[in-house]
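Single-structure report; data block below.
The values are calculated or read from the model by the stated rules, or taken from the named source; none is laboratory data. The structure presented is a predicted model; accordingly, all values stated were derived computationally and were not measured. Here the Cβ is made from the backbone with ideal geometry for all residues, glycine too, and neighbour counts use every protein chain on show.
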Amino acid sequence: MFHQSIFIFFGFVPLLQLEDHFKQRSDIARRKLKLFGYTYLTFLSWNLLTTWWISYASFGGACMAFILNSLFMSFVFIIFSDLKNRINKPYATWLLIPIWIAYEYGHSIWDMSWTWLILGNVFAFNTNFVQWFEFTGTSGGTLWILFTNILIFSVIKNNTALKIISKPILKIAFTILIPILFSYLIFVIRKPLLASKEKINVVVVQPNIDPYNAKFVMDFQLQFQRFLDLVRGKVNNETDYIVLPETFIIGEGLDEDDLANNPAITRFSDSLIKKFPKLKIVVGADSYKIFKHKSEITSTAREDDGIFYDSYNTALQLDATGIQIYHKSKLVPGAEIMPLAFLLKPLESLALDMGGTMGTLGTQKERAVFTDKTTGTNVAPVICYESIYSDYVTEYVRKKANIIFIITNDGWWENTPGHVQHLYYARLRAIENRLQIARSANTGISCFIDEFGTITDATKYWEDAVITKTLYLNNNPTFFSKFGDLISYFSAFISLLLVLYSIFLRFRK
């Protein structure tokens, strides 16, 4: 909806004008304090208006997210203002671009990560304008937004009287239009994957089990029978994959040292895999691993009667040849990880109870890809929150992933914009990597997404459903998939140099 997202192109202009106005004041401390107040109010309003739905999952957690995220954004803007005024050159305003992009990147890699409001994400609702994300990722969108904002600010500041048809206005128009035209050119040049001979038949299941009142208390056997009733008649000898949502297998957890004998796993084998030998099932589960030697114990390990173990939010691939495992490694702060555990470990028991787990979960260092040598399929098993991380998803592709399965549980926020935003961010992952996506939500919206970000067969919220489609594989990684988020890496490097330069200016003065 371009009529809404167009505001992002001048949303920073009032802040830039305010900052420029305050720099004239001689009382530096009071100037910074007043600027911080206005800035914090601005970013707090933005956070509240766009992510208010978090409060449905946890009111306290939502308040912390609003307060801290607004605080981080305000600090970044104040740091930019301080550096700009120290340098005191006309070009210094443009330094907001690398500083802000570096902040977005840094905010994506630490324990308190919350990348929902990365500026480039706004184009998830206008993917026709950003097909070039296959080169830049969402940080390219952030760069485009900030560049346009600063250009508009500069034009307003340096031109007292502007005509509609004038050179400054044309500059702004071209800055907005050229990337859009380039995006449509890519549509013309890039061939769709429909021509590919490598394809798979996928069945996606949306069980629609209430995560608050049923999912984690209902007997798994009842949930499994409900699943079988849903897929009856939908699975046949031509079906390659069934995709089930995050933590579908729940209960006392799966012991990863004895998965083959677990009753939940044998149910899948006896009812489906033995009947359809080529079938593979990708499913979410609550699993654990016991550490038999002290040397194996991790920082996230839990202890029960002298036994140390890690709990995981897990994705499994079940087929006739065995079981493949992936552990979710981008965890939700508060719900799945205690941020800054080395400082806050004693408070871990206070972590939110969401997704059937409490406290800090275990992770794995590298991405894992589910392989099938028969069809040549390499699935990226992206679990829930991981799908909002642009650079992170490319790690699967560098492990040879040629299709993405997203398994999630979006029922925490009720029927609010939360589950819609989460879905739409997946469109950006499809474009960045030019991979097709099968998305299974326990409840929320399950669907298929093609390599251009087009959503098809979308289910309705809070309804059980089964959808089927033939998807096409892509073994040709994009520039962004190969090299990662170069804009963010470069911005982080430039920002580090700017901080060092700022320290140098302070001491020189």
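Output yes when any residue across region 318-336 is out of contact with any strand residue (DSSP E or B) (no Cβ under 7 Å at 6 or more places or on another chain), of a type in the set (Lys, Arg) and under 18 Å from residue 384 (Cβ atoms), and no when none is. Taking every residue of region 318-336 in turn, at least one turns out to be out of contact with any strand residue (DSSP E or B) (no Cβ under 7 Å at 6 or more places or on another chain), of a type in the set (Lys, Arg) and under 18 Å from residue 384 (Cβ atoms). Being among the acidic types (Asp, Glu), modelled with pLDDT under 95 and more than 22 Å from residue 463 (Cβ to Cβ) holds for only one residue in 372, 353, 391, and it is 353. Of the residues screened, residue 467 is not one that is of a type in the set (Val, Ile, Thr), modelled with pLDDT of 95 or more and either within 15 Å of residue 134 (Cα to Cα) or surrounded by fewer than 16 Cβ atoms within 10 Å (Cβ to Cβ) (or both). Of 109, 99, 145, all but one fail to be touching an Asp or Glu at 6+ places or on another chain (Cβ under 9 Å) and not polar (S, T, N, Q); the exception is 109.
Counting only helices (runs of 4 or more DSSP H) that sit completely within region 93-207, those holding 2 or more residues that are small (Gly, Ala, Ser) and closer than 17 Å to residue 490 by Cα correspond to 96-106, 138-158. Given the criteria among the polar types (S, T, N, Q), buried (at least 20 other Cβ atoms within 10 Å of the Cβ) and either on the phi < 0 side of the Ramachandran plot or touching a Lys or Arg at 6+ places or on another chain (Cβ under 8 Å) (or both), does residue 225 qualify? So residue 225 fails the test. A Cβ distance below 9 Å, combined with a sequence gap of six or more or placement on separate chains, defines the contacts here; from region 256-271, residues that are assigned by TED's automatic domain parsing to the domain that holds residue 241 and among the polar types (S, T, N, Q) reach residues that are surrounded by 16 or more Cβ atoms within 10 Å (Cβ to Cβ) and part of a helix (DSSP H, G or I) in the pairs 271/224. Residue 330 meets each of the listed conditions (1) under 17 Å from residue 108 (Cβ atoms); (2) buried (at least 24 other Cβ atoms within 10 Å of the Cβ); (3) at pLDDT 95 or above apart from (2). Residues that are crowded, with 21+ Cβ neighbours inside 10 Å and of a type in the set (A, V, I, L, M) within region 100-136 comprise 101, 102, 118, 119, 122, 124, 130, listed in sequence order. Out of everything in region 392-443 that is over 16 Å from the mean Cα position of the chain (by Cα) and among the small types (Gly, Ala, Ser), what residue ends up being nearest to residue 210 (Cα to Cα)? Within region 392-443, the match that is nearest to residue 210 (Cα to Cα) is 411.
On the basis of being surrounded by fewer than 19 Cβ atoms within 10 Å (Cβ to Cβ), in contact (Cβ under 8 Å) with a residue 24 or more places away in the chain and closer than 23 Å to residue 396 by Cβ, does residue 456 make the cut? Criteria not met by residue 456. Scanning region 483-504 for residues that are surrounded by 13 or more Cβ atoms within 10 Å (Cβ to Cβ) and part of a helix (DSSP H, G or I) yields a total of 14.
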